[in-house]
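The values are calculated or read from the model by the stated rules, or taken from the named source; none is laboratory data. Predicted model, so just to flag it, every value in this text is computed and none were measured. As a convention, Cβ positions derive from the backbone with ideal geometry for all residues, glycine included, and neighbour counts pool all protein chains shown.
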Amino acid sequence: MTRFAVVLFVVLFSGLSSAQLPNSVGEPGTAPKAPVTSAASAELQQFQKILDTWDDAVNRRDQYALELVLSPLFVDVSAGGDVTTRNQQLASLIANDDKTLHLSQKAITIRLLGDTAVTNGTYTLHRKGLTGPVDEKGVFTQVFERTRSGWLCLNSQRTLLRENSNAKSKKQSTAEAPFHIPLFSKSDKEKQ
């Protein structure tokens, strides 16, 4: 009987306490919304279409299509550390005489935080370098804002992937998660 009273007490008061919490919009009576992280969803497909539009605009040198993807407040941090604005990106697109320029982006994850979205993925940028063609491969993080017309990119940052300089192959991790703490995960010693 005591167990029943305790369970009833917990259920009633947990329902009352969650009724007092505001959600992300500030409405009382609903629990707060957690950020949505997705690796294979409709949102990810939607953002991949936006990235494809961005790629096509750069590859075709289409200023107007690029304006539909980038926010007027857009800031880009290149893999080399150069910081440019939307207007500088557009001017560079128009003035660029590199006919080999080709961009390809692939969204990997998307986190929705209300009217803000954070996308992570990989990219390949084929361009003309000082000594010949260069294939720049790396990862990106982009921040998008929902507007009346759709999603616009506010910020983009790219990071180059390091080239493997040594011929040694790395031991593949057997960890279940990509990030693990050795003290708390299963070790090779436990398997023996």
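Observations
- Scanning region 71-103 for residues that are within 15 Å of Gly138 (Cα to Cα) and at pLDDT 95 or above, we see that the one that is surrounded by the fewest Cβ atoms within 10 Å (Cβ to Cβ) is Val77.
- Residue within region 128-150 that is hydrophobic (A, V, I, L, M, F, W, C), touching a helix residue (DSSP H, G or I) at 6+ places or on another chain (Cβ under 8 Å), assigned to a loop (DSSP other than H, G, I, E, B) and surrounded by 15 or more Cβ atoms within 10 Å (Cβ to Cβ) present: no
- Scanning region 136-160 for residues that are among the basic types (Lys, Arg) and more than 12 Å from the chain's Cα centre (by Cα), we see that the one that is farthest from Arg111 (Cα to Cα) is Lys137.
- Complete set of residues in region 105-121 that are out of contact with any Leu (no Cβ under 8 Å at 6 or more places or on another chain) and either free of Cβ contacts under 8 Å to residues at least 60 places away in the same chain or in a loop (DSSP other than H, G, I, E, B) (or both): Gly114, Asp115, Thr116, Val118, Asn120
- Checked against (1) free of Cβ contacts under 8 Å to residues at least 40 places away in the same chain; (2) assigned to a strand (DSSP E or B), Ile94 passes all but condition (2).
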